[in-house]
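To start, the structure itself, in structure tokens.
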Amino acid sequence: MQEFHANDSAQGTFVPQQKPHDDILIRLQGLTKCYGPKRALNGLNLQVGRGKIVGLLGPNGSGKTTLIKLLNGLLCPTEGIVLIDGYAPGVETKAVVSYLPDRMYFADWMKVSDLVDFFSDFYADFDRKKAAEMFSALGIRPLDRIKSMSKGTKEKAQLVLVMSRKAQLYLLDEPIAGVDPAARDFILNTILTNYNEEGTVLISTHLISDIERVLDEVIFLQDGQIVRHDTVDNIRALEGKSVDQLFREVFRAVPYQGGDF
């Protein structure tokens, strides 16, 4: 069996300059994103600290994916400010943000070993040993090709790569959508046991009951606006109900809108 060998070359990887540690990792001020006349996000103000697992919760069409893409630098704001670790999305933030999109973006011909090489070349914080251990635990071999994998295995493989970085911010867009309950348990356990504890995980989902047990905070999005940002413990103490129950009450009158923007 081929092994995952360490890559000694650091050429092409960006290592950000050190700067004073700030307790606030994400800052949004007046963040607005428009698609023509439609406001997908409307004047968001938000601060998220470090060392947390945060649920970005809302019905389809509420703006979750738009916000994650803005944080990842894939979209530009129409108005307002986005800062991650003190930087606007760009070269500096790419080095500290680990992004799991809502769909596979690797070519089918690629082998697992190709994916590991790809991440190792791009990210200085990528841990090849950790990735190899997780792939081995899943029974995924270095020479396995993406095109030979089931949907659930592809989801797991992509998550392994994302969680093998020692990032400051993990952006996970619908990581448990479309997979069976056993795969969901594996994915949530992988997130819990492998993220950088000094960093923060932001998980976008509408499957609240499946992830509530791992969350420290929640952000409720509705029609492109934040309607609540609170700790899970505070919601349970003040409301006397679970996050899932509160979510169903807040959003039960919101019609399905055909997917996030």
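The values are calculated or read from the model by the stated rules, or taken from the named source; none is laboratory data. Keep in mind that this is a model prediction, so the values were computed, not measured. Here the Cβ positions follow ideal geometry from the backbone for every residue, glycine too, while neighbour counts run over all protein chains shown. Calculation scope for accessible area: heavy atoms of the full protein, side chains included, ligands and nucleic acids excluded. Shrake-Rupley method; radii C 1.70, N 1.55, O 1.52, S 1.80 Å.
Within segment 114-127, one or more residues are closer than 18 Å to residue 197 by Cβ and open to solvent by 30 Å² or more (accessible area, probe 1.4 Å). Do we have residue 235 as hydrophobic (A, V, I, L, M, F, W, C), touching a Pro at 6+ places or on another chain (Cβ under 8 Å) and either free of Cβ contacts under 8 Å to residues at least 60 places away in the same chain or not in a strand (DSSP E or B) (or both) here? Judged against the criteria, residue 235 is not a match.
Contact map, segment 60-84: residues that are at positive phi paired with residues that are in a loop (DSSP other than H, G, I, E, B) and open to solvent by 50 Å² or more (accessible area, probe 1.4 Å), Cβ distance under 7 Å, separation 6+ or inter-chain. Pairs shown: 61/257; 61/258; 61/261; 63/261. Only one entry in 200, 193, 153 is in contact (Cβ under 8 Å) with a residue 40 or more places away in the chain, polar (S, T, N, Q) and over 22 Å from residue 250 (Cβ atoms), namely 200. Any residue in segment 148-167 that is surrounded by fewer than 16 Cβ atoms within 10 Å (Cβ to Cβ) and closer than 19 Å to residue 101 by Cα? There is at least one residue in segment 148-167 that is surrounded by fewer than 16 Cβ atoms within 10 Å (Cβ to Cβ) and closer than 19 Å to residue 101 by Cα. Of the numbered criteria (1) farther than 21 Å from residue 69 by Cα; (2) assigned to a helix (DSSP H, G or I); (3) open to solvent by less than 20 Å² (accessible area, probe 1.4 Å), the one residue 140 fails is (2). One residue alone among 213, 228 is surrounded by fewer than 19 Cβ atoms within 10 Å (Cβ to Cβ) and modelled with pLDDT under 90, and that residue is 213. Scanning segment 47-99 for residues that are in a helix (DSSP H, G or I) and open to solvent by 30 Å² or more (accessible area, probe 1.4 Å), we see that the one that is farthest from residue 192 (Cα to Cα) is 91. Scanning segment 100-113 for residues that are among the small types (Gly, Ala, Ser) and either buried (at least 18 other Cβ atoms within 10 Å of the Cβ) or modelled with pLDDT of 95 or more (or both) gives a single hit, 113. The set of residues in segment 90-113 being free of Cβ contacts under 8 Å to residues at least 40 places away in the same chain and farther than 16 Å from residue 123 by Cβ consists of 103, 107, 108, 109, 110, 111.
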